[in-house]
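The values are calculated or read from the model by the stated rules, or taken from the named source; none is laboratory data. Just so you know, these numbers come straight off a predicted model, no measurement behind them. Note that we place each Cβ from the backbone using ideal geometry, even for glycine, and neighbour counts take in every protein chain shown. Surface accessibility is based on the protein's heavy atoms, side chains included, excluding ligands, DNA and RNA. Shrake-Rupley method; radii C 1.70, N 1.55, O 1.52, S 1.80 Å.
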Amino acid sequence: MRFEVMRLDDVDGTPVDTTVVDAASVNRIVQQAAAIGQRLWIRPADTSAL
């Protein structure tokens with residue numbers, strides 16, 4: 001399964017950048033974001049767009 005991970009702006013919460021990753025990468029990304037206080041929005045990737 002693939003997930004869309006969006007990094008959110010600290011001020012207004014709008015998406016700053018987006019990447020699509022496999023399930024195995026989500027934990028690493030979340031751990032890195034938590035370490036620096038970064039806000040993320042994670043959702044299943046739209047497979048019809050791939």
Exercise. Return the residue satisfying two criteria in turn: it lies in region 1-19 and is of a type in the set (Asp, Glu) and in a loop (DSSP other than H, G, I, E, B), and of such residues it is surrounded by the fewest Cβ atoms within 10 Å (Cβ to Cβ).
Key: Asp12
Quiz item: If you take the residues in region 28-49 that are open to solvent by 60 Å² or more (accessible area, probe 1.4 Å) and in a loop (DSSP other than H, G, I, E, B), which one is nearest to Val16 (Cα to Cα)?
Solution: Gln38
Quiz item: Taking region 12-44 on its own, how many of its residues are at pLDDT below 95 and of a type in the set (A, V, I, L, M, F, W, C)?
Solution: 2
